[in-house]
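J.: First, the structure itself, so that you have it in front of you.
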Amino acid sequence: MNYKIQPEVLVAPLSFDVLESIGIGNEVLILSSRSVEISFKLDKLFSRLSLNRKLHIYNHIRPDAPFKDLDIIIQEQKKNHLDYIIAIGGGSVIDAAKTLSISFEGIDYKDVFYKRAAPPVNKIPVLAIPTTAGTGAELSFGAIVYDNYNKIKGGLRGEVIQPNAVLIDARLHNSCPYKLKAEVGFDCLTHAVETYISKKSNSLVKIQSISCIKNIFKFLVPACKNNDIHSMEKIALSSALMGINLAYSSTCLPHRIQYSIGPLTQTSHAQGLIALYKGWLKYLLEIKLSELDQLSNDLSMTSIEFVEKIQTLKKVLDIDYSLTDLGVKLEQVADISKSVSGNVLADPSYLNTETLIKILKYSM
């Protein structure tokens, strides 16, 4: 088992001195969330950085990082020599930066997306500064983006795509609206559960999953409801560790199905997962999946207690969505099941399309 953490991970407030210490070069592309720019007065930080370097700042990246948003930047920057990319935002902003990092090496990112080409060996270094705690994008080997032209959501994957450095500042996470913080925190939980259960899991992944799940159960509610900075930092660090889990294991059927649900319903990644966990966990209990029993046992619970604990968490956070709540109709289930792609076999519960249909119906 070859397991390594390469990026430098800093836990510190975002500041000029920290960015200078990383060595970001003279020409820097910055992708940021406009709301975070305003809340934390990042314009002052950017002004100071621009005194001795050239900055190219964009804040137009939409959820799921559509091709159209990426293409705007590539077209405008193709003649520049970028030394570094800084991503300050949620998973979509960070995944956009990771995609852009390999987009100036003579290989079209769309070819990598559709597996017509392998990722390039070289790239522009990336500093990821997450503002939401849950996606794990800051340390994973993948970048999830959306082909808005053909309405297909998928990912680019490879070690080269992992950011070169990560800065965790819990103040940025704590500034999120309550609902977003709760939903994305649940996304972090799904990464822990699925990377443990996946056929690609290993002993180190499982240990990190258990630690993360315990942290989510203990700290997500106070982080969301009380804006407790200590709790928020615990969730942020757990999210980063789940990025590593994603690099060395894989997600399961809820993620595969959500990639079809999101574009169909115009709902977020986390919202789709919250709804699908209703059906997926019910199905795992029904078939008495041994991996779920092992996970629950590591948490000193029965499988039923573990599933009930997740259900209670959703209710306490007021995010107990169903697919019906997201706008999915029963008559759409068959078509959705046919549109699911990716490595469904990584999920030990998968048998055939009927598995997907059952999960979808249980999630209504």
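The values are calculated or read from the model by the stated rules, or taken from the named source; none is laboratory data. The structure displayed is predicted, hence computed values, not measured ones. When we count neighbours, we look across all protein chains shown, and the Cβ atoms used for this are built from the backbone with ideal geometry, even at glycine.
J.: Determine which member of the set Leu313, Leu273, Leu317, Leu264 is within 26 Å of Ser92 (Cα to Cα) and in contact with a His (Cβ under 9 Å, 6 or more places away or on another chain). So that I can check it myself, show each step before the final result.
T.: Details: Leu313 fails: in contact with a His (Cβ under 9 Å, 6 or more places away or on another chain); Leu317 fails: in contact with a His (Cβ under 9 Å, 6 or more places away or on another chain); Leu264 fails: in contact with a His (Cβ under 9 Å, 6 or more places away or on another chain).
Exactly one of Leu313, Leu273, Leu317, Leu264 is within 26 Å of Ser92 (Cα to Cα) and in contact with a His (Cβ under 9 Å, 6 or more places away or on another chain), namely Leu273.
J.: Can you confirm whether the range 97-115 contains a residue that is assigned to a helix (DSSP H, G or I), at pLDDT 95 or above and under 18 Å from Ile168 (Cβ atoms)?
T.: Checked the range 97-115: at least one residue is assigned to a helix (DSSP H, G or I), at pLDDT 95 or above and under 18 Å from Ile168 (Cβ atoms).
J.: Okay, next question. Could you tell me which residue of the range 116-152 is nearest to Lys234 (Cα to Cα), considering only residues that are assigned to a loop (DSSP other than H, G, I, E, B) and either aliphatic (A, V, I, L, M) or not assigned by TED's automatic domain parsing to the domain that holds Arg62 (or both)? Give the steps one after another, and end with the answer.
T.: The first filter runs over the range 116-152 and keeps only residues assigned to a loop (DSSP other than H, G, I, E, B), leaving 116-125, 131-141, 148-151.
Applying the additional criterion that residues be either aliphatic (A, V, I, L, M) or not assigned by TED's automatic domain parsing to the domain that holds Arg62 (or both) yields 117-118, 121, 124, 133, 137, 139.
Numbers: Ala117: 38, Ala118: 36, Val121: 34, Ile124: 30, Ala133: 9, Ala137: 17, Leu139: 16 Å.
Looking at residues that are assigned to a loop (DSSP other than H, G, I, E, B) and either aliphatic (A, V, I, L, M) or not assigned by TED's automatic domain parsing to the domain that holds Arg62 (or both), I get Ala133.
J.: To continue, here is another question. Of everything in the range 75-91 that's crowded, with 16+ Cβ neighbours inside 10 Å and part of a helix (DSSP H, G or I), which residue is modelled with the lowest pLDDT? Lay out the reasoning, then the answer.
T.: Going through the range 75-91, the residues crowded, with 16+ Cβ neighbours inside 10 Å turn out to be 77, 82-91.
From the residues that got through so far, the ones that are part of a helix (DSSP H, G or I) too are 77, 91.
Details: Gln77: 95, Gly91: 89.
So, considering only residues that are crowded, with 16+ Cβ neighbours inside 10 Å and part of a helix (DSSP H, G or I), the one modelled with the lowest pLDDT is Gly91.
J.: Okay, moving on. Given the options Lys309, Lys288, name the one that is modelled with pLDDT of 95 or more, in a helix (DSSP H, G or I) and assigned by TED's automatic domain parsing to the domain that holds Ile197. Show your work before the answer.
T.: On the way: Lys288 fails: in a helix (DSSP H, G or I).
Sole residue among the options that is modelled with pLDDT of 95 or more, in a helix (DSSP H, G or I) and assigned by TED's automatic domain parsing to the domain that holds Ile197: Lys309.
J.: Right, another one. If only one of Gly185, Gly155 is within 18 Å of Met242 (Cβ to Cβ), in contact (Cβ under 8 Å) with a residue 24 or more places away in the chain and assigned to a strand (DSSP E or B), which one is it?
T.: On the way: Gly185 fails: assigned to a strand (DSSP E or B).
Just a single option satisfies the conditions, and that option is Gly155.
Conditions tested, residue by residue: (1) part of a loop (DSSP other than H, G, I, E, B); (2) under 17 Å from Lys179 (Cα atoms).
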{"residue": "Cys212", "(1), (2)": "no, no"}
{"residue": "Asn215", "(1), (2)": "no, no"}
{"residue": "Asn227", "(1), (2)": "yes, yes"}
{"residue": "Met232", "(1), (2)": "no, yes"}
{"residue": "Ile235", "(1), (2)": "no, yes"}
{"residue": "Ile257", "(1), (2)": "no, no"}
{"residue": "Gly262", "(1), (2)": "no, no"}
{"residue": "Gln271", "(1), (2)": "no, yes"}
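J.: From Ile197, Ile210, grab the single residue that is modelled with pLDDT of 95 or more, buried (at least 21 other Cβ atoms within 10 Å of the Cβ) and over 24 Å from Ser101 (Cα atoms).
T.: Values: Ile210 fails: buried (at least 21 other Cβ atoms within 10 Å of the Cβ).
Criteria check complete, one pass: Ile197.
J.: A further question on this structure: Would you mind finding the one in Gln266, Gln294 that is at pLDDT below 95 and either out of contact with any Lys or Arg (no Cβ under 7 Å at 6 or more places or on another chain) or not small (Gly, Ala, Ser) (or both)? Show your work before the answer.
T.: Details: Gln294 fails: at pLDDT below 95.
After ruling out the rest, the residue left standing is Gln266.
J.: Would you confirm, using the coordinates I've provided, whether Tyr283 is part of a helix (DSSP H, G or I), in contact with a Lys or Arg (Cβ under 8 Å, 6 or more places away or on another chain), under 18 Å from Lys199 (Cα atoms) and not assigned by TED's automatic domain parsing to the domain that holds Ala65? Before the answer, list the steps.
T.: On the way: part of a helix (DSSP H, G or I): yes; in contact with a Lys or Arg (Cβ under 8 Å, 6 or more places away or on another chain): yes; under 18 Å from Lys199 (Cα atoms): yes; not assigned by TED's automatic domain parsing to the domain that holds Ala65: yes.
Here the answer is yes, as Tyr283 does meet what is asked.
J.: For the range 25-52, enumerate the residues that are surrounded by 14 or more Cβ atoms within 10 Å (Cβ to Cβ) and assigned to a loop (DSSP other than H, G, I, E, B).
T.: Looking only at the range 25-52, we keep the residues that are surrounded by 14 or more Cβ atoms within 10 Å (Cβ to Cβ), and these are 25, 27-33, 35-37, 39-40, 42, 45-46, 49.
Residues satisfying the conditions are Gly25, Ser33, Phe40.
J.: Sticking with this structure for a sec: Hey, can you tell me all the residues within the range 266-314 that are crowded, with 19+ Cβ neighbours inside 10 Å and of a type in the set (S, T, N, Q)?
T.: If the condition is that a residue be crowded, with 19+ Cβ neighbours inside 10 Å and of a type in the set (S, T, N, Q), then Thr267, Ser268, Gln271, Ser303 are the ones that fit.
J.: For the range 326-344, give me each residue that is part of a loop (DSSP other than H, G, I, E, B) and either within 21 Å of the chain's Cα centre (by Cα) or surrounded by fewer than 15 Cβ atoms within 10 Å (Cβ to Cβ) (or both). Give the derivation first.
T.: Going residue by residue through the range 326-344, those that are part of a loop (DSSP other than H, G, I, E, B) are 326-329, 340-343.
Within the range 326-344, Leu326, Gly327, Lys329, Val340, Ser341, Gly342, Asn343 meet the criteria.
J.: Oh, and also: Given Ser21, Ser33, which one is in contact (Cβ under 8 Å) with a residue 12 or more places away in the chain and assigned by TED's automatic domain parsing to the domain that holds Phe104? Don't jump to the end; show me each part of the working.
T.: Numbers: Ser21 fails: in contact (Cβ under 8 Å) with a residue 12 or more places away in the chain.
Ser33 is the lone residue from the list that is in contact (Cβ under 8 Å) with a residue 12 or more places away in the chain and assigned by TED's automatic domain parsing to the domain that holds Phe104.
J.: Moving to a separate point now. Can you confirm whether Leu237 is touching a residue at least 12 places away in the same chain (Cβ under 8 Å) and surrounded by fewer than 21 Cβ atoms within 10 Å (Cβ to Cβ)? Give the steps one after another, and end with the answer.
T.: Details: touching a residue at least 12 places away in the same chain (Cβ under 8 Å): yes; surrounded by fewer than 21 Cβ atoms within 10 Å (Cβ to Cβ): yes.
Spelling it out, Leu237 is indeed touching a residue at least 12 places away in the same chain (Cβ under 8 Å) and surrounded by fewer than 21 Cβ atoms within 10 Å (Cβ to Cβ).
J.: Report whether or not Leu70 is in contact (Cβ under 8 Å) with a residue 60 or more places away in the chain and either outside any strand (DSSP E or B) or of a type outside the set (Asp, Glu) (or both).
T.: When the stated conditions are applied, Leu70 passes them.
J.: Quick one: which of Ile304, Ile274, Ile319 is closer than 19 Å to Val193 by Cβ, without any contact (Cβ under 8 Å) to a residue 40 or more places away in the chain and in the same structural domain as Val184 (by TED's automatic domain parsing)? It would help to see each step written out before you state the result.
T.: Details: Ile274 fails: without any contact (Cβ under 8 Å) to a residue 40 or more places away in the chain; Ile319 fails: without any contact (Cβ under 8 Å) to a residue 40 or more places away in the chain.
Ile304 is the lone residue from the list that is closer than 19 Å to Val193 by Cβ, without any contact (Cβ under 8 Å) to a residue 40 or more places away in the chain and in the same structural domain as Val184 (by TED's automatic domain parsing).
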